[in-house]
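For reference, the structure discussed in these notes is given below.
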Amino acid sequence: MQNVRYVKVGGKEDAATVVLERMRQELEGGLRVLGLATGSTMIPIYEAWAKSDLDFTDVTSFNLDEYVGLSADNPNSYAWFMNHHLFSHKPFKETYIPDGTADDLTAECDEYEALLRDAEIDLQFLGVGENGHIAFNEPGTPFSSTTHLTELTDSTLGVNSQYFEDESAIPNTALTMGIASILSSKKIILLAFGEKKRFALEQLLKGEATTDYPITALLSHPDVTIVTDLEGITD
Ligand code: GLP
């Protein structure tokens, strides 16, 4: 698995330092289009960027996904998350997030995919779900998928509902970049912290690509870095 490089960190804060330095190098190297993720994993990363001198004013960003029906003023939307943790602190040239409130969700997905194709992401950040999902590509999603409307699994609804004040208010559908959309970025960094993510990383380590575990799609990408605090996960 020469395409996948593992970086072992001591914890989330250590990871934030490592990723900040990598981000600095990427910006110096001419990065212009950045793929961003949400989830608790990304919070210390964005906090470190927000406090840093990194300059994103020439950078266009694309987020991976958004819940259907949640607008940017809803604290559970990923648009709100991004504004709160990053965009309100650091100006970007342009930022894109799929619009889960669009009247025509299929058209929204097609438009988003077209924007992605035009822009060409230089570096995509990813978290991973406990069931191995990336963005909101749940088990069974074809590796050829582009941006699409998806139904969330019980596993994902169970894990993510903890962030909703009323747990039953979590939407069971979302718009997400597809697996092919993600794989078209030039470089990928996936972050996974804590024992709950061990199962997902173990599927990647097995070295066999299967739609049962969307994370294994990364095996066919030429440039993947996994940043993790898990002991015993190495190449
Ligand atoms: C959600 C997001 C994923 C993210 C995952 C992990 O399902 N759609 O992109 O990777 O959560 O979240 P956390 O970082 O909170 O573990």
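The values are calculated or read from the model by the stated rules, or taken from the named source; none is laboratory data. Remember, predicted model here, so these are calculated numbers, not experimental data. Counting neighbours? That spans all protein chains shown, and the Cβs are built from the backbone with ideal geometry, glycine included. To get the accessible areas, we keep the full protein, side chains included, count just its heavy atoms, and leave off ligands, DNA and RNA. Shrake-Rupley method; radii C 1.70, N 1.55, O 1.52, S 1.80 Å.
Below are the figures for this structure:
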quantity	calculated
Label point distance in nm, residue 72-residue 40, each placed 7 Å from Cα along Cα→Cβ	2.7 nm
Of 129, 156, 102, farthest towards positive along the dipole that unit charges on Lys, Arg, Asp, Glu beta carbons give the range 82-235	129
Gain in span if fully extended, residue 155 to residue 206, counting 0.36 nm per residue against the direct Cα distance	16.2 nm
Rounded, prolate or oblate (a/c below 1.5 giving rounded, otherwise prolate when a/b exceeds b/c) for the range 160-235 by Cα gyration tensor	oblate
Between the range 1-51 and the range 114-186, the alpha-carbon center distance in angstrom	19 Å
Two-site label geometry, residue 107 and residue 162: point separation in nm, points 7 Å out along Cα→Cβ	3.9 nm
Against the rule of thumb 2.2 N^0.38 Å, how large the Cα Rg of the chain comes out	0.94
Accessible surface, the chain, averaged per residue in Å² (probe 1.4 Å)	44 Å²
Spherically averaged projected area of the range 1-114 from its Cα convex hull (nm²)	8.6 nm²
Sites residue 17 and residue 120 - FRET efficiency at Förster radius 25 Å, r taken between beta-carbons, to 0.05	0.30
Share, in percent, of DSSP beta bridges within the chain that are antiparallel, nearest 5	25 percent
Carbon plus sulfur fraction of accessible area for the chain, probe 1.4 Å, in percent	47 percent
